[in-house]
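Notes to accompany the following structure.
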Amino acid sequence: MFVGGIPEISSLVSNMLNLEAINSEDVSDFGFGYKVGLTNTIGIIVALLEANLGIIISKSTIDLTLIILKICFGTGFLYTAVKSDSWWERVLAILLIYVLLTSISWIYNAIYMSIPLILLLNEKENKGVFVCTILIVLSLVSLPYGYAITGLSGGNQVSYSSFVSSMSLVILSCVLIYLNLKKGFSKHFGTDSGELGIRKSSNEEDKYWVRRGEDGNKTRSCGFFNED
């Protein structure tokens with residue numbers, strides 16, 4: 001992640017936050033086709049719209065869009081890192097902050113996705129785990145050398161690997177945040193699979209929420225509460 005050990009952490013943070021003006025401000029800058037960060041992904045989409053559809057988007061609009069997206073993704077990642085009850089989701093959210101949201105993220109940064117992929121191997125399979133596994137694998141796949149997109153401004157060309165990795169990481173982020181927001185809303189509003197149970201005591205009745213596991217069996221209670 002960085003060279004020089006602990007004393008160079010400040011330089012690492014500075015490079016992550018401040019190099020965009022040098023390397024990523026213009027889509028025609030060096031290395032455009034080999035980055036996987038959100039800034040570069042939006043740059044690819046904008047360049048394609050201009051080249052193929054003649055749609056010109058102003059720099060101020062692009063910058064505002066990037067700010068909004070980074071805030072949304074960043075908030076979603078932080079929520080997942082704090083609230084998720086799955087270690088692989090927490091680790092993935094933290095790593096996506098580094099890989100997707102930093103100003104410069106070269107394609108080799110996608111190697112960090114191998115960490116949550118290893119953690120996923122111990123997870124019980126469900127739709128969410130399956131989809132995330134496929135997207136992580138796609139972000140890591142090294143495709144034959146060639147260009148998925150050519151003819152962009154400045155003579156840039158986007159490699160197959162960086163194109164697939166970039167899009168996979170964005171979709172993966174959306175899926176991860178969606179799954180955790182869905183779980184959060186379900187817990188908060190009581191819409192997850194389960195039923196209301198009642199424990200009778202000598203003085204009062206305590207209500208509690210019983211969740212059902214993936215096998216349909218009642219597995220956990222969500223705590224007791226009194227009805228006023």
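When you look at Tyr112, is it free of Cβ contacts under 8 Å to residues at least 12 places away in the same chain, within 13 Å of the chain's Cα centre (by Cα) and part of a helix (DSSP H, G or I), yes or no?
The answer is no for Tyr112.
When Lys124 is tested against (1) touching a residue at least 12 places away in the same chain (Cβ under 8 Å); (2) among the basic types (Lys, Arg); (3) in a helix (DSSP H, G or I), just one condition goes unmet, and that condition is (3). When Leu143 is tested against (1) over 30 Å from Gly54 (Cα atoms); (2) surrounded by fewer than 17 Cβ atoms within 10 Å (Cβ to Cβ), exactly one condition is not met: (1). Among the candidates Tyr145, Tyr98, the residue that is assigned to a helix (DSSP H, G or I) and of a type outside the set (A, V, I, L, M, F, W, C) is uniquely Tyr98. Residue pairs whose Cβ atoms lie under 7 Å apart, sitting 6 or more positions apart in sequence or on different chains, and linking a residue in region 71-91 that is assigned by TED's automatic domain parsing to the domain that holds Tyr112 and without any contact (Cβ under 8 Å) to a residue 60 or more places away in the chain to a partner that is of a type in the set (Ser, Thr, Tyr) and part of a helix (DSSP H, G or I), are Arg90/Thr80. Among the residues of region 87-105 satisfying the criterion of being at pLDDT below 90 and small (Gly, Ala, Ser), which is nearest to Leu121 (Cα to Cα)? The selected residue is Ser105.
The values are calculated or read from the model by the stated rules, or taken from the named source; none is laboratory data. Quick caveat: nothing in here was measured; it's all calculated off a predicted structure. Every residue, glycine as well, gets a Cβ built from its backbone with ideal geometry; the counts of neighbours run over all protein chains shown.
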